[in-house]
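**Student:** Pasting a structure here, questions to come.
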Amino acid sequence: MHSTSIHIAGLSVSYERKRVLTSIYVDVDPGSVVGVIGPNGAGKSTLFKAILGLIDINAGEITINGKDIKDQRTSVAYVPQREDVDWSFPATVMDVVLMGRYPHKTIWQRLSADDRSLAMASLEDVGITELRNRQIGELSGGQQQRVFLARALCQQADIFLLDEPFVGVDITTEAKIIQILKRLATEGKTMMVVHHDLSSVERYFDKVLLLNQRLIAFGDTQGTFTQENIAKAYGPKLTILQKAHNL
């Protein structure tokens, strides 16, 4: 395995001539749980879409395990924001989880008994096997998030990109998700998680990437998630709020 699972060098991205990300340099190692932190409009989701090869980039390069994303589709699992999902789509929980096997298939290949076993094991892992035949729109926010985490687990990826996985979920689900992510990291997987609740950053992540259209700081949480860097990312008002929260 490469010592760096995600290599980003000089990444710049614009939408309709408006620069969203400027000159980002980051190397993420296997076995880390990285919190991607920054205000609204900081470019966090754009960073994920660039890593996934879903958008055009203006400059820079991104490699996954030393290769282009085109050659590493099976290696990267993506858990989108809940608002980006069409919950009225007539799919069951099992249908969605089995989608995690599609990157491993050629266009005419059918799903196998092994694929179904993996899907069941993934549902068991996140604690929702009893929901497997339910339509996804009937589920609570926490259950929906577990379904998409199960899909990512079913893909057996090396890298997991989770865009705000804790929004709208209950405390039990949040604890379950972070427990799974930490376990995957011990298996050498790489986790990148867009996260908004600053009060839990130090408990959840061993590394932090602070972003506001440019890279503010990246490194071990203890040395990186400082008042100074938070102020650079969010502005001084938030730092005062953060201090009050910690009192």
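**Student:** How large are Rg and Dmax for region 31-178 when calculated on the C-alpha trace, in angstrom?
**Tutor:** My reading of the Cα-based Rg and Dmax gives 15.7, 47 Å.
**Student:** If you don't mind, another one. Please return the longest range in the chain lying between exposed loop sites, taking GluC sites (Glu not before Pro), DSSP loop only, at most 13 other beta-carbon atoms within 10 Å, and leaving the sites out.
**Tutor:** It runs 17-186.
**Student:** Also, I was wondering about something else. Where is the GNM fluctuation largest for the chain (alpha-carbon springs, 10 angstrom cutoff): Arg214, Arg183, Arg101?
**Tutor:** Result for the chain, Cα springs under 10 Å: Arg183 fluctuates most.
**Student:** Still on this structure, I have one more. Counting only chymotrypsin sites (Phe, Trp or Tyr not before Pro) that sit in a DSSP loop (anything but H, G, I, E, B) with at most 15 other Cβ atoms within 10 Å, what is the longest stretch of the chain containing none of them?
**Tutor:** Counting only loop sites that pass the neighbour cut-off, the longest clear stretch is 109-247.
**Student:** So how many Lys-Lys pairs in the chain land under 16 Å Cα to Cα, not counting same-chain pairs under 8 apart?
**Tutor:** 8
**Student:** Let me check the size of the chain from its C-alpha atoms; what are the radius of gyration and Dmax in Å?
**Tutor:** When restricted to the Cα atoms of the chain, Rg and Dmax are 18.2, 59 Å.
**Student:** Now, a different point. With a ≥ b ≥ c taken as the square roots of the eigenvalues of the C-alpha gyration tensor of region 66-123, please select rounded if a/c is under 1.5 and otherwise prolate if a/b is larger than b/c or oblate if it is not?
**Tutor:** On the way: a/c = 1.82, a/b = 1.13, b/c = 1.61.
Verdict is oblate for region 66-123.
**Student:** Give or take rounding to whole Å, what are the principal axis extents of the alpha carbon atoms in region 104-154, in descending order?
**Tutor:** Its Cα atoms span 34, 20, 17 Å along the three principal axes.
**Student:** Right, something else. Quick one: Cα centre-to-centre distance for region 70-116 and region 167-236, in angstrom?
**Tutor:** 26
**Student:** Among residues other than Tyr204 whose Cβ falls under 10 Å from its Cβ, what is the net charge (Lys/Arg +1, Asp/Glu -1)?
**Tutor:** -2
**Student:** Another question about this same structure. Positive end of the charge dipole of the chain (Lys, Arg +1 and Asp, Glu -1 on Cβ, about the Cα centre): tell me which of Gly141, Leu215, Val126 has its Cα farthest that way.
**Tutor:** Leu215
**Student:** Given a cut-off of under 8 Å on Cα pairs at least six residues apart, what relative contact order in percent is computed for the chain?
**Tutor:** Over the chain, the number comes to 27 percent.
Each value in this text was obtained by applying a stated rule to the coordinates, not by laboratory testing. All values reported here derive from a predicted model rather than from experimental measurement. Methodologically, a virtual Cβ is constructed for each residue, glycine included, from the backbone with ideal geometry; neighbour enumeration extends over all protein chains shown.
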